[in-house]
Each structure stands twice: as structure tokens, then as C-alpha cells.
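Comments concern the structure below.
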Amino acid sequence: MGLYPHARRVGNLLFLSGIGPRNAETDEIPGLKLDKHGQFQSFDFEAQCHSVFKNVRTVLEESGSSWDKLVDVTVFLVDMKRDFHIYNRIYAEYFKDNQPCRTTVSVNSLPSAIAIELKCIATIE
């Protein structure tokens with residue numbers, strides 16, 4: 001999607017670039033099926049939520065941090081009215097033990113057909 005690192009360490013903080021739900025191995029967007037003309041055939045926002053949390057966890061762990069060390073999460077949703085209640089429910093499952101600061105904003109679009117992206121800060125030793 002562009003020239004940037006997935007994570008960058010500054011002191012004891014780890015800053016994650018915007019992380020979306022794309023499958024790192026296949027580049028597919030979970031929960032999204034498009035026809036040959038790029039028109040939506042099916043959409044599952046829950047699948048994108050689970051995938052973006054999985055991707056964040058992977059980047060954290062590959063960078064030497066972990067899920068429980070998240071201190072700040074900014075969430076970008078393309079459709080706040082449609083997706084916020086689903087996102088909020090799934091977020092509560094993943095963050096019941098660790099509760100970082102959180103901001104959720106609605107955006108007009110993201111740099112592909114994804115519906116959610118997270119920007120995170122974690123501590124690192």
C-alpha cells in the first residue's frame with residue numbers, strides 16, 4: 001500500500017502504522033467478496049475486526065512487544081453507523097483484561113476496500 005514500516009521503536013515505545021485486516025499471505029480482505037467488476041457480493045465486518053486484531057497482535061509480537069502492552073489504540077471505521085456496535089462488542093472481547101486508551105473515528109475511506117484500520121502504540125522492553 002506504500003513505503004512505510006509496520007512498526008517503529010522510539011525508546012520504550014512501539015508505534016504501529018495503520019494496520020488493516022488484509023491476510024498477509026494472500027493479500028485478501030477477510031469478509032469481503034467482490035465480483036469481477038469490483039462490486040460487493042458479500043461483506044462481513046466481524047471477519048475484518050477479528051483479522052485486524054490478529055494482524056496487530058502479529059506485528060506487536062514480531063516487533064518484540066505483546067497485546068497486553070498496548071497503551072493507545074486509534075480505530076478508523078469507514079461506516080460508523082453500520083459497524084460501531086459490532087466493533088465495540090468485539091473490541092470488548094479482545095480488551096477485557098488490557099484496556100488501552102482508545103479513540104474511534106469515522107473516515108470517508110481507507111486506502112483499499114477495507115472497513116477498519118487500527119493505529120496503535122505499545123510499550124516495549
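The values are calculated or read from the model by the stated rules, or taken from the named source; none is laboratory data. It should be emphasised that the depicted structure is a prediction, and the values quoted were computed from it without experimental measurement. With ideal geometry, Cβ positions are generated from the backbone for all residues, glycine too; neighbour counts draw on all protein chains shown.
Can you pull out every residue in region 1-41 that is exposed (fewer than 10 other Cβ atoms within 10 Å of the Cβ) and either at pLDDT below 85 or over 15 Å from Ile121 (Cα atoms) (or both)?
Correct list: Gly2, Leu3, Tyr4, Glu25, Thr26, Asp27, Asp35, Lys36, His37, Gly38, Gln39, Gln41.
From the list Gly64, Gly31, Gly20, Gly11, which one is among the small types (Gly, Ala, Ser), in contact (Cβ under 8 Å) with a residue 60 or more places away in the chain and more than 21 Å from Arg102 (Cα to Cα)?
None of the other options fit; the residue is Gly64.
Can you find even one residue in region 75-83 that is closer than 23 Å to Arg8 by Cβ, of a type outside the set (D, E, K, R) and under 12 Å from the mean Cα position of the chain (by Cα)?
yes
Which is in a helix (DSSP H, G or I), among the acidic types (Asp, Glu) and either surrounded by 14 or more Cβ atoms within 10 Å (Cβ to Cβ) or in contact (Cβ under 8 Å) with a residue 12 or more places away in the chain (or both), of Asp72, Asp83?
Result: Asp83 is the single residue among Asp72, Asp83 that is in a helix (DSSP H, G or I), among the acidic types (Asp, Glu) and either surrounded by 14 or more Cβ atoms within 10 Å (Cβ to Cβ) or in contact (Cβ under 8 Å) with a residue 12 or more places away in the chain (or both).
Within region 53-65, is there a residue that is farther than 20 Å from Asn12 by Cα and touching a Phe, Trp or Tyr at 6+ places or on another chain (Cβ under 6 Å)?
yes
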